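The values are calculated or read from the model by the stated rules, or taken from the named source; none is laboratory data. Because the structure is a prediction, the values reported are computed rather than measured. Here the Cβ positions follow ideal geometry from the backbone for every residue, glycine too, while neighbour counts run over all protein chains shown.
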Amino acid sequence: MSENEKVEVHLRKSDLVNTWWRSTFLQASWNYERMQNVGWAFSLIPGIRRLYKSKEDRAAAMKRHLEFFNTHPYVASPILGVELAMEEQRANGAPINDEAMNGVKVGMMGPLAGVGDPIFWGTMRPVLGAFAAGMAQGGSVMGPIIFFVVWNLIRMLFLWYTQQLGYKEGTNITQDLGGGAMQKITTGASILGMFIMGVLVPRWTTMNFPVVMSKVKVQDGAAADIPALAKSINGGDVSASQIAKVVTQIQDEQSLTAYKVTTLQDTLDDLLPGLAPLLLMFIVLWLLRKRVSAITIIFGLFIVGILAYAFGIMA
Amino acid sequence: MISAFFVVLFAFLAGMDGILDQFQFHQPLVAATLIGLANGHLTEGIILGGTLQMLALGWMNIGAAVAPDAALASTVSAYLVTGPAQVSVDTGMAIAIPLAVAGQVLTIGVRTITVALAHIVDKQAEKGNLRSIEAIHWTALALQGLRIAIPVIVVMAVGAGPVNTALNAIPDVITKGLAVAGGFIVVVGYAMVINMMATAELWPFFFLGFALSAVSELNLIAMGMIGLVLALIYLQLSPRFNGGSGNGGGSNGSNGDPIDAILDNY
């Protein structure tokens, strides 16, 4: 076969779509040795099939793509795009060796994971999840539907467009991503995430300390005259004016009982609403930073809950 | 029988997505809703899903670390709440925690088994055998699905009677105590998210959110708007993102307009 008969091979759109769909299953073979390596190679198979026809070439391609790989599962897409572009050039004779391909892969996976984790796991899922869970707790089917549809729409578009970006930009993408845009998005998302976490900590944490701090007899005339009303009702001689008088007293915010009971919870609320959840959050955060596992903390808190209930400190 | 089939199917989906983390079939909100639907108790499933979702907000797999497993927790718990056993949502939430640990242990097991599968993949790769590589990849995925489907089938086989007997045998102080703990255990999830994101730069936004949360008229959508506006303002004003350009007067004028527009709409 002469030189000019050699045809260039190119990836087709269908190959790119195929890789996009396969990248959904990136983590299926996640293993403790090389983590996402099999899923990575699996995602590139459509391109490998198109570009290399001989068993030897395909075996060599698979071998170089079965090295260690691990990143956030969504941001693997731009890296897949870059590597597809590199494979295409290589198949057409460009001098790209295994080391270069592996270098690009490893060089991109760390920084991109640092972007994907806070954006998707740290901000988008908690914020969208919290919003939808709030609806769901009221029994609304729109909660789970919104969560599922919005999440998957964003995810699928993200996987496709970043893969296309990687494929078109090739190795230039490393400079693009190194620029301010990516850092801006991460910072912006993190601000939203931290702000919402600040809202959720006191709002959705239930801690009630019913321990009685003080029990004071209400001054004469400061309590609504409910006992007299009850007596009249039972005696059958209740009058309209008597009811109106009690209602007026209640509207004037007079006490409903003869004693004013202040619980520990009332005191805490007077001090700062949500103080107890905030303190608990910082204790847990401190434990997490001390490398105590989340599950240990959860079990510890369960024991705290049981003890606190048993001794009547919490309800 | 049909409902049993769908329960197992949804459990299988949850198990697969527990490792993939793509469609979110493993998230309580989705998994519990689907299982509730299969059992004909949709509303209970949704409510349980919402409750468990709050708990699992911060459960995420980062790097090689494995989070508590939302898939097993939400499927088995949802089956007990919406299935024949008719357990209360509170109890469902309490038993979800040990299930999340059990699921975590199971996925660690499967992730270890897949090391062996990865070695088979290496052998097939040497032969250029792309089809078997694909087949092994799907097998690994099916194992992750079975990791959830099999425990669910076991619970179904045991039946409502023994499950209820076992749950009723738990003393009152434990179940009530667990319900109390369930109220504040969500903090762990929030702390996990905060632990990942917190920097000195971001803490003020947390405390701003905390202070504003006492204003109960501001619902989550309003809070989301405020958070977004704060982020936009911060990015526009922070010298880190417009270093060099530094023409204070001019940029301030143009900054005002979009923020005003957002505030007017709000």
Quick check, is B:Glu201 at pLDDT 95 or above and out of contact with any Pro (no Cβ under 6 Å at 6 or more places or on another chain)?
-> no
Selected residue [modelled with pLDDT of 90 or more and either under 29 Å from B:Asp172 (Cβ atoms) or among the β-branched types (Val, Ile, Thr) (or both)] from A:Ala315, A:Ala294, A:Ala276 = A:Ala276
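Within region B:69-87, identify whether any single residue is among the aliphatic types (A, V, I, L, M) and facing chain A (nearest Cβ under 10 Å), and answer yes or no.
Applying the first criterion (among the aliphatic types (A, V, I, L, M)) to region B:69-87 yields B:70-73, B:76, B:78, B:80-81, B:85, B:87.
Still in the list and also facing chain A (nearest Cβ under 10 Å): none.
Looking for residues that are among the aliphatic types (A, V, I, L, M) and facing chain A (nearest Cβ under 10 Å), one finds none in region B:69-87, hence no.
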Taking region B:194-208 and keeping only residues that are more than 7 Å from every other protein chain (Cβ to nearest Cβ) and over 23 Å from A:Ala113 (Cα atoms), one is left with B:Pro204
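Conditions (1) at pLDDT 95 or above; (2) surrounded by fewer than 19 Cβ atoms within 10 Å (Cβ to Cβ); (3) outside any helix (DSSP H, G or I); (4) touching a Cys at 6+ places or on another chain (Cβ under 7 Å), marked per residue:
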residue: B:His137; (1), (2), (3), (4): yes, no, no, no
residue: B:Ile148; (1), (2), (3), (4): yes, no, no, no
residue: B:Pro162; (1), (2), (3), (4): no, yes, no, no
residue: B:Ile170; (1), (2), (3), (4): no, yes, yes, no
residue: B:Val188; (1), (2), (3), (4): no, no, no, no
Pull up region A:270-315, narrow it to residues that are among the aromatic types (Phe, Trp, Tyr) and out of contact with any helix residue (DSSP H, G or I) (no Cβ under 7 Å at 6 or more places or on another chain), then point me to the one that is surrounded by the most Cβ atoms within 10 Å (Cβ to Cβ).
-> A:Phe299
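Table: residues versus (1) surrounded by 24 or more Cβ atoms within 10 Å (Cβ to Cβ); (2) closer than 20 Å to B:Thr91 by Cβ; (3) more than 9 Å from chain A (Cβ to nearest Cβ).
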{"site": "B:Ser3", "(1), (2), (3)": "no, no, yes"}
{"site": "B:Ala11", "(1), (2), (3)": "yes, yes, yes"}
{"site": "B:Met16", "(1), (2), (3)": "yes, no, no"}
{"site": "B:Leu20", "(1), (2), (3)": "no, no, no"}
{"site": "B:Leu34", "(1), (2), (3)": "yes, no, no"}
{"site": "B:Gly49", "(1), (2), (3)": "yes, yes, no"}
{"site": "B:Met54", "(1), (2), (3)": "yes, yes, no"}
Go through the residues of region A:106-121 one by one and say whether even a single one is in contact with a strand residue (DSSP E or B) (Cβ under 9 Å, 6 or more places away or on another chain), assigned by TED's automatic domain parsing to the domain that holds A:Phe68 and at pLDDT below 90.
-> yes
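Residues to consider are B:Gly92, B:Gly58, B:Gly128; find the one that is part of a loop (DSSP other than H, G, I, E, B) and crowded, with 24+ Cβ neighbours inside 10 Å.
Every option except B:Gly58 fails the conditions.
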Output yes when any residue across region A:44-52 is among the β-branched types (Val, Ile, Thr), free of Cβ contacts under 8 Å to residues at least 60 places away in the same chain and touching a Lys or Arg at 6+ places or on another chain (Cβ under 8 Å), and no when none is.
-> yes
Only one residue in A:Phe131, A:Phe120 is of a type in the set (Phe, Trp, Tyr), more than 27 Å from A:Ala41 (Cβ to Cβ) and within 13 Å of chain B (Cβ to nearest Cβ). Which one?
-> A:Phe131
If we ask which residues in region B:209-219 are of a type in the set (A, V, I, L, M) and either assigned to a helix (DSSP H, G or I) or at the interface with another protein chain (Cβ under 7 Å from one of its Cβ atoms) (or both), their number turns out to be 3
Among the residues of region A:35-82, which ones are of a type in the set (D, E, K, R) and either farther than 23 Å from B:Ile108 by Cα or buried (at least 19 other Cβ atoms within 10 Å of the Cβ) (or both)?
-> A:Arg49, A:Arg50, A:Lys53, A:Lys55, A:Glu56, A:Asp57, A:Arg58, A:Lys63, A:Arg64
